[in-house]
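Read through the structure below, which is laid out as structure tokens, and then see the notes.
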Amino acid sequence: MDDPSLDPHLHHQALRGLCRINRISRTAAHLFPAIQFILGSHRSARILDVACGGGDVAIALGRIASQRGYQFDITAADLSPTALQFTQTSAQAHDLPIRVLTHDALAGHWPGGPYDILINSLMLHHLDTPAVITVLRNMRDEARLGFVVSDLLRTGIGWVAAQLAVHLLSRSPIVHHDGPRSVESAFTLDELHTLACQADLTSFTLQRIWPARALLTWRRP
């Protein structure tokens, strides 16, 4: 899905598959308590979803926030116009006022800020080590309160689970191909801890969450 020449129909099919995978993986449900931890007693926040893909995580967070009495002002950023169009259409279908923004996470300094909390899901495993460090530093510098990252872990069980999940939850040949490869290119929990330290993060927590994912939470000291 990183190929800008990818046919939009195939891209949409892949995004729908990833939406189902994120829903089964309860990605937003894992992110929300971390966001609550960063917010403390606050009940409102400006949130930026970095590399939002199909926007399903941002939409799910917006719905959870509404149900629990929080007010989230959400912006979804991605490099792909196809992904942003998909996000905007989905947000409108759920009657959520999510803004979209074309921007590269490696560039940092996202327009429209300041943002209280940044979130990111399933991006780091696409990057090499220097790029991961750059993205983590960019998110740290941009976030007024903190950020949360959810990503795959490189484990044998995770690889088997990915093989099963991509075929059960998506018809997209892109998802079938990318799922197991993504696990192979992901980091271990120890490697992610080292990367967070190399990005000069302090006051962060890193935990393993179901299914074979890592959750990195950083709150500004």
So Arg137, is it surrounded by fewer than 19 Cβ atoms within 10 Å (Cβ to Cβ), within 19 Å of Leu216 (Cα to Cα), touching a residue at least 40 places away in the same chain (Cβ under 8 Å) and more than 17 Å from the chain's Cα centre (by Cα): no
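Go through region 102-122 residue by residue and tally those that are within 15 Å of the chain's Cα centre (by Cα) and either of a type in the set (D, E, K, R) or within 13 Å of Leu48 (Cβ to Cβ) (or both). Lay out the reasoning, then the answer.
Step one: of region 102-122, the residues within 15 Å of the chain's Cα centre (by Cα) are 103-106, 117-122.
Still in the running and either of a type in the set (D, E, K, R) or within 13 Å of Leu48 (Cβ to Cβ) (or both): 103-105, 117-121.
Qualifying residue count, region 102-122: 8.
Residues are listed down the side, and each one gets a yes or a no for (1) within 24 Å of Gly17 (Cβ to Cβ); (2) open to solvent by less than 40 Å² (accessible area, probe 1.4 Å):
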{"site": "Arg181", "(1), (2)": "yes, no"}
{"site": "Ala186", "(1), (2)": "yes, yes"}
{"site": "Glu191", "(1), (2)": "no, no"}
{"site": "Thr202", "(1), (2)": "no, no"}
{"site": "Leu215", "(1), (2)": "yes, yes"}
{"site": "Trp218", "(1), (2)": "no, yes"}
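The values are calculated or read from the model by the stated rules, or taken from the named source; none is laboratory data. Quick caveat, the model's predicted, so the values are computed rather than measured. Neighbour counts run over all protein chains shown; Cβ positions are idealised from the backbone, glycine included. For accessibility, only protein heavy atoms count, side chains too; no ligands or nucleic acids. Shrake-Rupley method; radii C 1.70, N 1.55, O 1.52, S 1.80 Å.
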